[in-house]
Amino acid sequence: MKLLLVEDDREAGAYLKRAIGQAGHTVDYAEAGREGLVLAAGETYDVIVLDRMLPEVDGMTILRTIRASNIQTPVLLLTAMDGIDDRVEGLEAGADDYLVKPFAFAELLARLNALARRPPTQDMAMSLRVADLEVDLMRRTVTRSGARIDLQPREYQILEFLLRHAGRVVTRTMLLESVWDFHFDPKTNIVETHMSRLRAKLYREGAPDLIHTVRGAGYCLREP
């Protein structure tokens, strides 16, 4: 399980990162809200553990921002605010669970495991769609404006990954890890070559391009 922990208390953050890591999970740690928001929006996690009171950008703002960006990663709010209204506000803003400080680590870990077992909202969908481009996840078919597009397996994987991150920047590293299972840079143009072929197959005269190159960052699939 890969988690993002956003906690401004350095001592508590270091303890939680170490303890969760010892439980066999990978943890990215951010002390400030701005860094946490960048990680939450740009990386893929199984669960986000989010302190409510943070410097720069508070936890509620981070939560509302990622939900507005259609990021459905389960979020567990950590907070010392234990009022009923506080809990309701957090849950209505998009949190999946709420744990009041102080807490037992065993309970936190149990809640994280429970959240990670939930099937992602997008994975339960039958199809993914942006503008006139649609992927049927059950049949593994691709259409644009109703016309069938035949893709090679890698091209299909790239497109599905882009669609699952629609509106967000997908980096070359993210594609290498998710599509090719490379956890290193092979120093080839394998991503660029496959992306060029995919774009050519999705091209329709008179229709706008849906895959955009973000200079120095990666690619973004979005409506024109």
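Quick check on this structure: which one of R204, R168, R154 is assigned to a loop (DSSP other than H, G, I, E, B), over 30 Å from G13 (Cα atoms) and either touching a helix residue (DSSP H, G or I) at 6+ places or on another chain (Cβ under 7 Å) or open to solvent by 50 Å² or more (accessible area, probe 1.4 Å) (or both)?
R204
Looking at R64, R34 in this structure, which one is within 15 Å of the chain's Cα centre (by Cα), open to solvent by 50 Å² or more (accessible area, probe 1.4 Å) and within 27 Å of L162 (Cβ to Cβ)? I'd like the intermediate steps shown before the answer.
Numbers: R34 fails: within 15 Å of the chain's Cα centre (by Cα).
Every option except R64 fails the conditions.
Of all residues in the stretch 7-48, which are more than 30 Å from C220 (Cα to Cα) and touching a residue at least 60 places away in the same chain (Cβ under 8 Å)?
L16, A19, I20, A23
Report yes if T213 is open to solvent by 70 Å² or more (accessible area, probe 1.4 Å), in contact with a strand residue (DSSP E or B) (Cβ under 7 Å, 6 or more places away or on another chain) and assigned to a strand (DSSP E or B), otherwise no.
yes
Out of the stretch 11-31, which residues are acidic (D, E) and either surrounded by fewer than 18 Cβ atoms within 10 Å (Cβ to Cβ) or closer than 17 Å to N113 by Cα (or both)?
E11, D28
Could you look through the stretch 70-82, keep only residues that are at pLDDT 80 or above and over 21 Å from G13 (Cα atoms), and pick out the one that is least open to solvent (accessible area, probe 1.4 Å)?
I71
Search the stretch 205-218 for residues that are without any contact (Cβ under 8 Å) to a residue 24 or more places away in the chain and pair each with any residue that is among the aromatic types (F, W, Y) when their beta-carbon atoms are under 7 Å apart and the residues are at least 6 apart or on different chains.
The qualifying pairs are H212/Y219; T213/Y219.
The values are calculated or read from the model by the stated rules, or taken from the named source; none is laboratory data. Keep in mind that what you see is a predicted model, and the values were worked out from it rather than measured. Glycine also receives a Cβ, built like all others from the backbone with ideal geometry; neighbour counts cover every protein chain displayed. Accessible surface is based on the protein model in full, side chains and every heavy atom, while ligands, DNA and RNA are left aside. Shrake-Rupley method; radii C 1.70, N 1.55, O 1.52, S 1.80 Å.
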